[in-house]
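See structure below.
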Amino acid sequence: MTSVALIQWKLSTFDALTVQELYALLQLRTEVFAVEQNCAFQDMDGADGLALHLMGSHAGELLAYARCFPPGAKYGEASIGRVVTRLRSRGCGLGHSLMEQAMSAVNVHWGVQPIRIGAQARLKRFYCGHGFVDVGKPYVEDGIEHLEMVWRP
């Protein structure tokens, strides 16, 4: 298990991603969201070009990833999505570090403001730990229960 302190963070626009970075992030998203969660869905949703891509790597391997969006791209508020950590890297606080980095990226790039997410319902406690609040709009996406949650400064 890799120490969170050893993670190298990179934030990139879609156009600035290298071919290798794009391949790695799509591979990680597929590994977790499609294979691990046994869910066939359209991951490449046309929104990657609107996002800043946050990548956490160690020794050249992508271990954590999230998309950060400006207000108006996905919701009226800024948003974070496709939050993912590699299975073998879980349990060391990497997911928490990823959320802290993503929230910071949103605040730095678009100002401190509310952030809305579409969270898998099973992860409600995780996101509540980062100050997100369930706004009472549950929904099912790709057969998985989700909640709309908002963080307010």
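For the stretch 98-142, filtering for residues that are surrounded by 15 or more Cβ atoms within 10 Å (Cβ to Cβ) and of a type in the set (Lys, Arg) leaves 2.
Residues considered: GLY118, GLY72. Of these, the only one that is over 15 Å from LEU25 (Cα atoms) and assigned to a loop (DSSP other than H, G, I, E, B) is GLY72. Does the stretch 39-52 contain any residue that is assigned to a strand (DSSP E or B) and at pLDDT 90 or above? Yes.
Restricting the first member to the stretch 107-118 and to residues that are modelled with pLDDT of 95 or more, and the second to residues that are surrounded by 15 or more Cβ atoms within 10 Å (Cβ to Cβ) and among the acidic types (Asp, Glu), the beta-carbon pairs closer than 7 Å and six or more apart or on different chains are GLN113/GLU77; PRO114/GLU77; ILE115/GLU77; ARG116/GLU77; ARG116/GLU148. Selection of the stretch 124-150 for residues being touching a helix residue (DSSP H, G or I) at 6+ places or on another chain (Cβ under 9 Å) and not in a strand (DSSP E or B) yields PHE126, TYR127, GLY129, HIS130, GLY131, PRO138, ASP142.
Might you let me know whether the stretch 79-97 holds any residue that is of a type outside the set (Gly, Ala, Ser), out of contact with any strand residue (DSSP E or B) (no Cβ under 7 Å at 6 or more places or on another chain), surrounded by 15 or more Cβ atoms within 10 Å (Cβ to Cβ) and over 25 Å from GLU141 (Cα atoms)? Yes: one or more hits.
The values are calculated or read from the model by the stated rules, or taken from the named source; none is laboratory data. Quick caveat: nothing in here was measured; it's all calculated off a predicted structure. With ideal geometry, Cβ positions are generated from the backbone for all residues, glycine too; neighbour counts draw on all protein chains shown.
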